[in-house]
Amino acid sequence: MKLILLGAPGAGKGTQAEVISSKLSIPAISTGNIIREALANGTEMGIKAKSFIDAGQLVPDDVVIGIIKERLAKDDCANGFILDGFPRTIPQAEALDTMGVTIDRVISIEVPDENIVRRMSGRRVCKACGYSYHLEYKKPAVDGVCNACGGELVQRKDDHPDTVLDRLHVYHEQTEPLKGYYEKKGILRIVVGQEEVADTTALTLKALED
């Protein structure tokens, strides 16, 4: 099965991708991870991507698409895959179609913006060991102090409410239109994200069968 997972930053796509990957024995392909792999392996597209990254520029669509194409050609994708983080725009979706990639199902994990802001802005990370906490769901024993090593807990810049809101704005403007694109193809399924991850997972797995 060839799948695409959509959803705003913080909607929990990564967790669902891992579950589906394990259940169906197909790779979960994160755009960020495969760009890093292409850079590390020095592939043709990785070298191209590096030139833009070194210049402080965004990696353009044609290079990202080239990296995706390289990854999908690997043997472990023969029986299917899960794309997490690609496509992000309708032109990228159209490029995927042009590559001859037939997607079986697109699942959009829906979580209200205010819930995402609460989830992400509540995260704290230990400066020393990197262990993560949440002010609501996974509190440290002592405020601001890591249970594991006693290090200071900080809020990452990416988790600051203003940053989260900016990322959500970009998602709604650039990526959310993909729902209409795939709905017209009859392959879109909506999953309403739940407070408990296991409940969201149950709905996601059911959406694969519908």
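The values are calculated or read from the model by the stated rules, or taken from the named source; none is laboratory data. Note that the structure is predicted; figures quoted are calculated from it, not measured. Cβ sites come from the backbone with ideal geometry, for glycine too, and all protein chains shown count toward neighbours. Quick note on the areas: whole protein, heavy atoms, side chains included, nothing else; ligands and nucleic acids left out. Shrake-Rupley method; radii C 1.70, N 1.55, O 1.52, S 1.80 Å.
Run the helix sum for the chain: -39,500 (n - 2.57) per DSSP H stretch of 4+ residues, divided by residue count, reported at 222 nm to the nearest 500 deg cm²/dmol.
Calculated mean residue ellipticity at 222 nm is -13500 deg cm²/dmol.
Please identify every one of the trypsin sites (Lys or Arg not before Pro) in the stretch 138-210 that sits in a loop by DSSP and has no more than 14 other beta carbons within 10 Å of its own beta carbon. Can you show the working numbers first?
Details: sites: 138, 156, 157, 167, 179, 184, 185, 189, 206; in loops: 156, 185.
Answer in residue order: 156, 185.
Return the carbon/sulfur percentage of the accessible area of the chain, one whole number, probe 1.4 Å, all protein chains in place.
Working: 5810 of 11410 Å².
Solvent-exposed carbon and sulfur of the chain make up 51 percent of the total.
Binning at 5 Å from 0, report for the stretch 154-195 what percent of all alpha-carbon pair distances ends up in each bin.
Here the calculated profile for the stretch 154-195 is 6, 18, 16, 18, 19, 12, 7, 3, 1.
Between helix 31-41 and the chain, what is the angle of the helix's C-alpha long axis to the longest principal axis, kept within 0 to 90° and rounded to the nearest 10?
80 degrees
For the chain, with a Gaussian network of springs between Cα atoms less than 10 Å apart, report the residue from 82, 29, 187 with the top mean-square fluctuation.
187
Helix 161-170 sits at what angle to the longest principal axis of the chain, using alpha carbons and giving 0 to 90 degrees rounded to 10?
Value to nearest ten degrees: 10.
Report the GluC sites (Glu not before Pro) located in the stretch 96-140 that are in a DSSP loop and have at most 14 other Cβ atoms inside 10 Å of their Cβ, or state none. The partial results should precede the final answer.
On the way: sites: 110, 114, 136; in loops: 136.
Those satisfying the criteria are 136.
What are the residues whose amide H is under 5 Å from the amide H of residue 134, where those residues sit 5 or more places off or on another chain and H is modelled from the backbone?
For residue 134, the qualifying residues are 124, 139.
From the backbone phi of the stretch 55-67, what are the Karplus-calculated ³J(HN,Hα) couplings (6.51 cos²θ - 1.76 cosθ + 1.60, θ = phi - 60°) in whole Hz, Gly and Pro given as x?
Karplus-based 3J(HN,Hα) across the stretch 55-67 equals 8, x, 10, 5, 6, x, 3, 5, 6, 4, 5, x, 5 Hz.
Could you calculate the contour length gain from residue 33 to residue 196, that is, 0.36 nm times the residue separation minus the distance between their Cα atoms, to one decimal place in nm? Provide the component values of the computation, followed by the final result.
Details: separation 163, 0.36 × 163 = 58.68 nm, distance 2.63 nm.
Contour length minus Cα-Cα distance gives 56.1 nm.
Relative contact order of the chain: what whole-number percent is it, with Cα pairs under 8 angstrom and at least 6 residues apart? Mind dumping the intermediate values first?
Values: 284 pairs, mean separation 56.7, N = 210.
The value is 27 percent.
Please list, in chain and number order, the residues 5+ apart from residue 189 or on another chain whose amide H is under 5 Å from its amide H, with Hs placed from the backbone.
Correct list: 106, 107, 108.
Leaving out ligands and nucleic acids, and using a 1.4 Å probe, what accessible area per residue does the chain come to in Å²?
On the way: 11410 Å² over 210 residues.
Result: 54 Å² per residue.
List the residues, sorted by chain then number, that are 5 or more residues from residue 29 or on another chain and whose placed amide H is less than 5 Å from its amide H.
HN-HN under 5 Å from residue 29: 82, 83, 84.
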